[in-house]
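Colleague: Handing you this structure, nothing more for now.
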Amino acid sequence: MKDIKPSVNQKTAAEYLKFFYPKLRGEISELSLKDNFAGIIQTTVNYLRNLLMESKINIIAYHMKLMDMIYKKSDDYVKDVIENIFVRSFSSFRKHGTIQQWKILYQNMPVSFQLIYNEQRKQDKIFFGK
């Protein structure tokens with residue numbers, strides 16, 4: 001008999017995110033009621049972008065690790081949203097932060113996200129010449 005691994009769906013992921021982001025709890029709850037998981041992930045990205053402007057790099061790195069914990073246990077839908085919104089936002093962090101901030105973030109980025117990010121950049125170069 002095959003072991004069935006429990007998988008984190010969007011509702012469970014939203015509950016984790018409410019815990020990980022207490023300042024965003026109300027907004028995450030509201031978006032969760034509307035089944036807007038993409039909106040929840042975008043909310044977390046906006047929060048992290050604000051932290052970048054405040055140079056709170058260690059906090060951003062910590063939240064990347066927390067998101068990776070969710071990612072690793074998630075179903076395909078949650079993984080797709082995290083890849084296409086959360087990981088894709090790293091390009092914006094790279095542009096808006098300093099070189100030193102980006103180096104620290106990249107060094108502390110979970111390996112799974114580094115691989116996804118690098119693959120996204122490679123695909124962007126192929127399709128968009130970026």
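The values are calculated or read from the model by the stated rules, or taken from the named source; none is laboratory data. These numbers come from a predicted model, not from an experiment. Counting neighbours? That spans all protein chains shown, and the Cβs are built from the backbone with ideal geometry, glycine included. Side chains included, ligands, DNA and RNA excluded: accessible areas come from the protein's heavy atoms. Shrake-Rupley method; radii C 1.70, N 1.55, O 1.52, S 1.80 Å.
Colleague: What percent do you get for the relative contact order of the chain when only Cα pairs under 8 Å and 6+ apart count?
Modeller: Numbers: 98 pairs, mean separation 34.8, N = 130.
The value is 27 percent.
Colleague: Multiplying the sequence separation of Ala38 and Phe128 by 0.36 nm and subtracting their Cα-Cα distance, what value in nm do you get? Before the final figure, lay out the partial values.
Modeller: Details: separation 90, 0.36 × 90 = 32.40 nm, distance 2.38 nm.
Computed gain between Ala38 and Phe128 is 30.0 nm.
Colleague: Could I ask something else about it? Let's test the formula: R0 of 30 Å, r as the Cβ-Cβ distance of Met69 and Ile104. What FRET efficiency results, to the nearest 0.05?
Modeller: In this case the efficiency is close to 0.90.
Colleague: With respect to the cross-link table entries Lys72/Lys122; Lys72/Lys103; Lys11/Lys79; Lys65/Lys122; Lys65/Lys95; Lys65/Lys103, which display a Cα-Cα separation exceeding 18 Å? Spell out each step's value before the answer.
Modeller: Working: Lys72/Lys122 23 Å; Lys72/Lys103 24 Å; Lys11/Lys79 13 Å; Lys65/Lys122 23 Å; Lys65/Lys95 21 Å; Lys65/Lys103 16 Å.
Lys72/Lys122; Lys72/Lys103; Lys65/Lys122; Lys65/Lys95, as the Cα separations exceed 18 Å there.
Colleague: Something else: Collect residues whose amide H, placed 1.01 Å from N in the peptide plane, falls under 5 Å from the amide H of Val8; neighbours closer than 5 in sequence don't count.
Modeller: HN-HN under 5 Å from Val8: Ser74, Asp75.
Colleague: On to the next question. Using the Kirkwood radius built from alpha carbon pairs, what does the Stokes-Einstein equation give as D for the chain at 10 °C and 1.306 mPa s, in µm² per second?
Modeller: 104
Colleague: Please calculate how many Å² of accessible area the chain carries per residue, with a 1.4 Å probe and no DNA, RNA or ligand atoms counted. Present the calculation step by step, with values, prior to reporting the outcome.
Modeller: Details: 8060 Å² over 130 residues.
Per-residue accessible area for the chain comes out at 62 Å².
Colleague: With the full set of protein chains in place, find how many percent of the accessible area of the chain is carbon and sulfur; take the probe as 1.4 Å.
Modeller: 55
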